[in-house]
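Here the structure comes first, spelled out in structure tokens, and everything after it is commentary.
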Amino acid sequence: MTDPAPDDLAQAELLVHAYDRVRAELAKVIVGQEDVIEQLMIAVLARGHCLLEGVPGLAKTLMVRSLADAMHLSFRRIQFTPDLMPADITGTDIIQEDPTTGHRELIFEKGPIFTQMLLADEINRTPPKTQAALLEAMQEHSVTVGGKTYLLDEPFFVLATQNPIEQEGTYPLPEAQRDRFLLMVKVDYPDRDQERQIVLQTTGAAEGAIEPILTGDQIEQCQEIVRKVPVPDHVMDMVLDLVRTARPSDPDSPAWVKEFIEWGPGPRACQHLVLSGKVRALLNKRTHVTADDIEALAMPVLRHRLAPTFAAEAEGIAVDQLIAKLVAVAKDQHQAKVI
């Protein structure tokens, strides 16, 4: 593991300073939710997308819009509904006539996906055909319409929300699309003191305006710095142990995995664990990834990448409980290798 260059260290310090300022700006309008904000920032700096799950009224939309403002990114919001069509997202070709010559030509009318930060609100309320309109954009950062490909502005992020309690009239995301999200973040209720502060803050004087801290170019520079963060071999082994153990088809998986996990995460889970671990290491003023980073991010990286069996559901075993057990196994293996 080589030491980082002085220029990279200076850039890392600027990243941490910018992160602290962004959090301070978001605190003007968002009470609490520190872990959620950190994970959103990790997704952005790792050049990934984020899926937020929480009941209505927890300021998910406000959080995403405020983050876009603090990062000086263009922002669009799409309210997903059962009648939403793919062209409503990507855009479509329209016939336009020149009023002077009468000449007609096809003009591409860009859809709301042509932005830098896209909020896909209640993404599970629209059918799979429309959900799939996001797939190319999320993976390739481009949109193809009528055989022609249009590049999206960089940086580009999709932050999607879904309601976990209302299942009637919803369309669960296909596994392939869920796997495209770097993190799945659970947004929980605030505690009593935070809720009191929310009520006082939102029913009193006008809220403070969000000041832009970063630009798109600066975010891309930060993303390049993240890629240079080294990962020690023993931490990489922990990542591989964690992900591979979660696969019931793996011959080394314990019996309880084969009993309680229907299918496990693919190689993209390893990639996303490493990338998000690199960001977290920098935000915590470290120049390399540690086992603590992997442990802290295992839940948001893995919870949408494995499915419990009927036996697990019958016994009331939640996905997060399975991940906690997987982390415990990986930690034991990691400590044994380090010793």
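Where a number appears in this text, it was derived from the coordinates with a stated rule and is not lab data. Nothing here was measured: the structure is a model prediction, and the numbers come from that model. With ideal geometry, Cβ positions are generated from the backbone for all residues, glycine too; neighbour counts draw on all protein chains shown.
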TODO: Please state which of the following conditions residue 132 fails to meet, knowing it meets all the rest: (1) part of a strand (DSSP E or B); (2) surrounded by fewer than 19 Cβ atoms within 10 Å (Cβ to Cβ); (3) aliphatic (A, V, I, L, M).
DONE: (1)
Task: Subset of segment 114-143 [touching a Ser or Thr at 6+ places or on another chain (Cβ under 8 Å) and of a type in the set (Asp, Glu)] - done: 121, 122, 136
TODO: Return the residue satisfying two criteria in turn: it lies in segment 215-265 and is without any contact (Cβ under 8 Å) to a residue 12 or more places away in the chain and under 30 Å from residue 69 (Cα atoms), and of such residues it is farthest from the chain's Cα centre (by Cα).
DONE: 217
TODO: Scan segment 21-56 for residues that are touching a strand residue (DSSP E or B) at 6+ places or on another chain (Cβ under 8 Å) and β-branched (Val, Ile, Thr) and report the count.
DONE: 3
Open item on the list: Against the condition surrounded by 19 or more Cβ atoms within 10 Å (Cβ to Cβ) and either farther than 20 Å from residue 220 by Cα or without any contact (Cβ under 8 Å) to a residue 60 or more places away in the chain (or both), how does residue 115 come out, does it pass?
Closed with: yes
Task: Breaking point among (1) out of contact with any helix residue (DSSP H, G or I) (no Cβ under 9 Å at 6 or more places or on another chain); (2) buried (at least 19 other Cβ atoms within 10 Å of the Cβ); (3) not in a helix (DSSP H, G or I), for residue 73 - done: (1)
- [ ] Go through (1) over 19 Å from the mean Cα position of the chain (by Cα); (2) closer than 28 Å to residue 67 by Cα; (3) of a type outside the set (Asp, Glu) one by one and return the number of the condition residue 113 breaks.
- [x] (1)
Task: helices (runs of 4 or more DSSP H) contained in segment 268-339 and holding at least 3 residues surrounded by 20 or more Cβ atoms within 10 Å (Cβ to Cβ) and in contact (Cβ under 8 Å) with a residue 60 or more places away in the chain - done: 291-302, 319-338
- [ ] State yes or no: is residue 93 among the charged types (D, E, K, R), in contact (Cβ under 8 Å) with a residue 12 or more places away in the chain and not in a loop (DSSP other than H, G, I, E, B)?
- [x] yes
TODO: Output the number of residues of segment 13-37 satisfying the condition of being surrounded by fewer than 19 Cβ atoms within 10 Å (Cβ to Cβ) and part of a helix (DSSP H, G or I).
DONE: 10
